[in-house]
Amino acid sequence: MPVNKTAYLSLKKELDEKQVTLVAVSKTKPIEDILELYQLGQKDFGENYVQELVNKASQLPKDIHWHFIGHLQTNKVKLIVPFVQLIHGVDSLKLLKEINKEAVKSNRVIDCLLQVHIAQEETKFGFDEAELENALKIKYNYVQIKGLMGMASFTDDMGKVRGEFKTLKRILDIANQPQTPIPKLQTLSIGMSSDYKTAIEEGSNMVRIGSLLFGERTKSD
Ligand SMILES: *Cc1c(COP(=O)(O)O)cnc(C)c1O
């Protein structure tokens, strides 16, 4: 399926007006598709699989900002730390610690988002509210927690999706209250092709959009 340039240009305009960052999710899509959007000015791309990201990054322009949006295994952290722009799905203290360790070696401060478990489904990764509070208290010199990331339930029930986004926004606002001794979280990464409008209405300022731009994927994720 060809890249939908018209969809890209109108989406980009819509998001720019709302000051929402677009992460173009290019997982499973070829280098040529990424280059097509890059040539239209897109700089932020998201990938879910470490090896695929490393392969693509080595073949594409160096000024692309790579976002890792998948579930990151600790033994693969070292492969992306040297170049990654933002790691979205940090879902355990063990992972945070490993990112810090590898960041020291690369002498780079790595920006991260903590993933919060907002969906009802059991299979989704992420911290719950209490764990998150704990995680935000820990200071790592080479990790900067920039905000939160979440994924809503896989459902057509937009009321349910909206409720889950509201929950995450509330958690973010609580974490940002000035009286709590924690860093300021500026980024709220919620919203995909099917629910980004709802996510923005609920406070998202970073959306991760794949199929709307690149067409449907054949793989299920
Ligand atoms: C695949 C994926 C997306 C993009 O999904 P689309 O429905 O294609 O827009 C966003 N976020 C994560 C974490 C993903 O895995």
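For segment 150-163, indicate whether the set of residues that are under 27 Å from Asn107 (Cβ atoms) and at pLDDT 90 or above is non-empty. The answer is no; no qualifying residue exists. Just one residue in the set Gly89, Gly126, Gly150 is within 19 Å of Met206 (Cα to Cα), small (Gly, Ala, Ser), in contact (Cβ under 8 Å) with a residue 24 or more places away in the chain and open to solvent by 10 Å² or more (accessible area, probe 1.4 Å); that residue is Gly126.
State which residue is farthest from Ser58 (Cα to Cα) when the search covers only segment 15-32 and only residues that are more than 15 Å from the ligand (Cβ to nearest atom) and outside any loop (DSSP other than H, G, I, E, B). Checking each candidate, the answer is Glu17.
Could we say that Lys62 is more than 15 Å from the ligand (Cβ to nearest atom) and assigned to a helix (DSSP H, G or I) here? Considered against the rule, which asks whether it is more than 15 Å from the ligand (Cβ to nearest atom) and assigned to a helix (DSSP H, G or I), Lys62 comes out as no. Kindly establish whether Arg208 is more than 19 Å from Glu121 (Cα to Cα), basic (Lys, Arg) and touching a helix residue (DSSP H, G or I) at 6+ places or on another chain (Cβ under 8 Å). No; evaluated as a whole, the condition is false for this residue. A single entry from Val143, Val109, Val161 fulfils the requirement of being in contact (Cβ under 8 Å) with a residue 12 or more places away in the chain and in contact with a Cys (Cβ under 6 Å, 6 or more places away or on another chain): Val143. Looking only at residues in segment 94-120 that are modelled with pLDDT under 95 and open to solvent by 40 Å² or more (accessible area, probe 1.4 Å), the one that is nearest to the chain's Cα centre (by Cα) is His117.
For the criterion of being acidic (Asp, Glu), within 16 Å of the ligand (Cβ to nearest atom) and without any contact (Cβ under 8 Å) to a residue 24 or more places away in the chain, Asp156 passes. Listed by first and then second residue, the pairs with beta-carbon distance under 6 Å, at least 6 apart or on different chains, first residue in segment 190-206 and on the phi > 0 side of the Ramachandran plot, second within 9 Å of the ligand (Cβ to nearest atom), are Gly191/Val207.
This table checks each residue for (1) under 30 Å from Lys137 (Cα atoms); (2) at pLDDT 95 or above.
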position	(1), (2)
Val3	no, no
Leu9	no, yes
Val23	yes, yes
Ile31	no, yes
Lys43	no, yes
Lys56	no, yes
Lys62	no, yes
Thr74	yes, yes
His88	yes, yes
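The values are calculated or read from the model by the stated rules, or taken from the named source; none is laboratory data. Remember, predicted model here, so these are calculated numbers, not experimental data. For neighbour counting, all protein chains shown are included, and Cβ atoms are generated from backbone atoms with ideal geometry for every residue, glycine included. Please note that ligands, DNA and RNA were not included when accessible areas were found on the heavy atoms of the full protein model with its side chains. Shrake-Rupley method; radii C 1.70, N 1.55, O 1.52, S 1.80 Å.
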